[in-house]
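Student: Take a look at this one; I'll ask things after.
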Amino acid sequence: MAKLGVVSLGCSKNLVDTEVMLGQLIGAGWELTHDLREAQLILINTCGFIGPAKEESIRHILEAVQYKATDRGVCSKVVVTGCLVQRYAAELRQEIPEVDLWISLGEIGELAQLVENGPGHEPDLDRQPFLNDRNLRRFQATVPHLAYVKIAEGCNHRCSYCAIPLIKGKFRSRNPEAVLEEVKSLVQAGVREINLIAQDITMYGVDLQPRTNLTELLKKLIDQAGPAWIRLLYAYPSGITPELLRLMAEQPSVCNYLDLPIQHINGRILKLMNRHDSPELIKERLAEIRAALPGVVLRTSLIVGLPTETAAEFEELRQFVAEGFFQQLGVFAYSREEGTAAYSLKPQISAKEKERRRQLIMEEQREVTARFLEKQVGTRQIILVDQAQDGRGIGRTAGFAPEVDGVVSIAGMPGSAGRFILGEITGYEGYNLNAKYLTEG
C-alpha cells in the first residue's frame, strides 16, 4: 500500500481541513506514515496568516521536495494547499516548481480525485473556500477523545491588520444539520470534548435561511448529540448574548470557558484596527459574563506594535492586562501584511520594540495566571485525561483549552486516557497544575 505523509501547519481550523483531506486519501487507499522518508505522497497544509507562519510554511515545502531525491526518501508527489497557496499561488508555483500539485482552499473537498488525476492542475482560486456541508469523512489527527468542529468559514469583520478575509472570503455558516450529524458521529466514536471553532462563532447562522444563531445550535447539539464537553473558541465580545450566557450557566456540558479575542484596549488603537468593540463595551461585556458565569475562565489574544501605537497606549494595554480580566492570554507582535488597510500606516514600529512589548505583556500575564492557578490549589475538579502512562496522567480541566493553555499533571492515576477523573489540585508550576487522583469522574 502506498504511504502518505502529512504536515499540517497553523490553527485548529486548518487542522480540520487536514483531517478532511486525510479522510479522502485514506479512503482512496493511502496508508498514513509519520516518517516522511517512507512517504510516496507528502501533503502540506500551509498557514499564511502572519510573517513567521508564512516562513514556516515555505521551509516545510522546501524540506518536503527534498524527499523526492533518492538518497533522502521515496516521495514521488508533493501536494501543497492551505492559506499560503490561496494567497500566493502564482509566486509559489514559479519559485518552487518541484511541487507536483497546488490546491486552492475551494478544492479541498476534491483532493483525492485531483491527486489521482496527476500533475498539470491549475488551482481554482476563485472558488469559495471549502465548507464541509457534505460531511466528508475525517481522519482524526487529535487524540481520539477530542475533536475540533468548524461551524463556519471566512470573516466579515475586516480588521485593518488581518489578511484572513482576503484569503477566506466572507463569513459562511455550515448547515446546522451537517454540524449536528458530525458531532453525533464524533460522540458515537468516543469523543468526549467538542471544540466549536470559526473565525467568530458568535456570528453563526446570521447568513442562513432560516436565520439561526449559536445558542440554538448549542441546544440542538446538547439535546440530540449529547457530548460530555462543548468548548466555545473565538467569540467576539459584542456577539455574547444574554441567551448564550444563560444556556452556558444552565448546561453543565458547556465548558465554563470563553475565548474572547479583544486584540487591544486603547480606543484609538481599536478604531485603527477597525475593531467594532469599544473599550467601554469590552469592559461592560466582561462584567456581564462574570456576573452570569461565576468562576468562568476567560482567554484572549492581543496584538502589540500596530503602527503608530504610542508608549502611553501600550502602557494602557499593559495595565489592563495586569488587572487580571483574563486567566489565559496570547499576544502577537504586529505582522505587516500586504493588502491590509494597516499595511501603509506610518510610522512602523521596529521588530525589536514590538518583541519588547510582547514580552512585557507576557510578564504581566504570568503573574495574573499564577494568581489564578494558586486559587485552584486545594479544590477538587473534574479532569479529562489526555495521556496516561505508568500511574501518571496528563489532562485538562474545563478551564484549559487544548494546545493553547496549560495542562494538569495527575499523580497516582490508574487506567487509560480518554476518560474523566476527579482530582485534587495540589500545586502549580509555570502555566500548569498538579493534581492527585481521587476517583473516576
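Student: Taking the stretch 90-111 only, how many residues are assigned to a helix (DSSP H, G or I), surrounded by 19 or more Cβ atoms within 10 Å (Cβ to Cβ) and either in contact with an Asp or Glu (Cβ under 6 Å, 6 or more places away or on another chain) or free of Cβ contacts under 8 Å to residues at least 40 places away in the same chain (or both)?
Tutor: So the count comes out to 3.
Student: If the Cβ limit is 6 Å and pairs must be 6+ apart or interchain, which residue in the stretch 375-394 that is closer than 15 Å to GLY412 by Cα pairs with which residue that is of a type outside the set (D, E, K, R) and surrounded by fewer than 13 Cβ atoms within 10 Å (Cβ to Cβ)?
Tutor: Going by the 6 Å Cβ cut-off, the qualifying pairs are ALA388/SER416.
Student: Restricted to the stretch 177-204, and to residues that are among the hydroxyl-bearing types (Ser, Thr, Tyr) and either in contact (Cβ under 8 Å) with a residue 60 or more places away in the chain or assigned to a helix (DSSP H, G or I) (or both), which residue is surrounded by the fewest Cβ atoms within 10 Å (Cβ to Cβ)?
Tutor: Result: SER185.
Student: Run down ASP390, ASP386 and say which single residue is among the charged types (D, E, K, R) and over 24 Å from LEU232 (Cα atoms).
Tutor: ASP390
Student: Read through the list (1) assigned to a helix (DSSP H, G or I); (2) in contact with a Gly (Cβ under 6 Å, 6 or more places away or on another chain); (3) under 17 Å from ALA89 (Cα atoms), then give the number of the only condition that ASN45 fails.
Tutor: (1) is the only condition that ASN45 fails.
Student: Would you tally the residues in the stretch 38-73 being loosely packed, with under 15 Cβ neighbours inside 10 Å and of a type in the set (A, V, I, L, M)?
Tutor: 2
Student: Follow-up. Just give me the residues in the stretch 206-220 being surrounded by fewer than 21 Cβ atoms within 10 Å (Cβ to Cβ) and within 24 Å of GLN263 (Cβ to Cβ), in sequence order.
Tutor: VAL206, ASP207, ASN213 - these are the residues of the stretch 206-220 that are surrounded by fewer than 21 Cβ atoms within 10 Å (Cβ to Cβ) and within 24 Å of GLN263 (Cβ to Cβ).
Student: How many residues are outside any loop (DSSP other than H, G, I, E, B) and either outside the structural domain of TYR236 (by TED's automatic domain parsing) or more than 25 Å from the chain's Cα centre (by Cα) (or both) if we restrict to the stretch 289-319?
Tutor: If we filter the stretch 289-319 for residues that are outside any loop (DSSP other than H, G, I, E, B), which is where we start, we get 289-292, 297-304, 311-319.
Checking the rest, the ones that are also either outside the structural domain of TYR236 (by TED's automatic domain parsing) or more than 25 Å from the chain's Cα centre (by Cα) (or both) come to 291-292, 311-316, 319.
Qualifying residue count, the stretch 289-319: 9.
Student: Answer yes or no: is there a residue in the stretch 112-127 that is assigned to a loop (DSSP other than H, G, I, E, B) and in contact with a Gly (Cβ under 7 Å, 6 or more places away or on another chain).
Tutor: yes
For (1) aliphatic (A, V, I, L, M); (2) in contact with a Cys (Cβ under 8 Å, 6 or more places away or on another chain); (3) surrounded by 15 or more Cβ atoms within 10 Å (Cβ to Cβ), each residue gets a yes or a no:
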site	(1), (2), (3)
VAL321	yes, no, yes
ALA333	yes, no, yes
GLU337	no, yes, yes
GLN348	no, no, yes
ALA351	yes, no, no
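Student: One residue is enough: does the stretch 69-84 have a residue meeting the conditions within 24 Å of the chain's Cα centre (by Cα) and among the charged types (D, E, K, R)?
Tutor: No, the conditions are met nowhere in the stretch 69-84.
Student: Only residues in the stretch 265-291 that are at positive phi count as the first member; pair them with residues that are of a type outside the set (Val, Ile, Thr), Cβ under 8 angstrom, at least 6 apart or cross-chain, and list the lot.
Tutor: ASN274/HIS157; ASN274/ARG158; ASN274/CYS159; ASN274/SER160; ASN274/ALA341
Student: Residue under question is ARG174, and the condition is that it be crowded, with 21+ Cβ neighbours inside 10 Å, within 19 Å of ILE44 (Cα to Cα), among the charged types (D, E, K, R) and touching a residue at least 40 places away in the same chain (Cβ under 8 Å); does it hold?
Tutor: Against the criterion (crowded, with 21+ Cβ neighbours inside 10 Å, within 19 Å of ILE44 (Cα to Cα), among the charged types (D, E, K, R) and touching a residue at least 40 places away in the same chain (Cβ under 8 Å)), ARG174 does not qualify.
The values are calculated or read from the model by the stated rules, or taken from the named source; none is laboratory data. Here the structure is a predicted model, which is why all the values come from computation and not from measurement. As a convention, Cβ positions derive from the backbone with ideal geometry for all residues, glycine included, and neighbour counts pool all protein chains shown.
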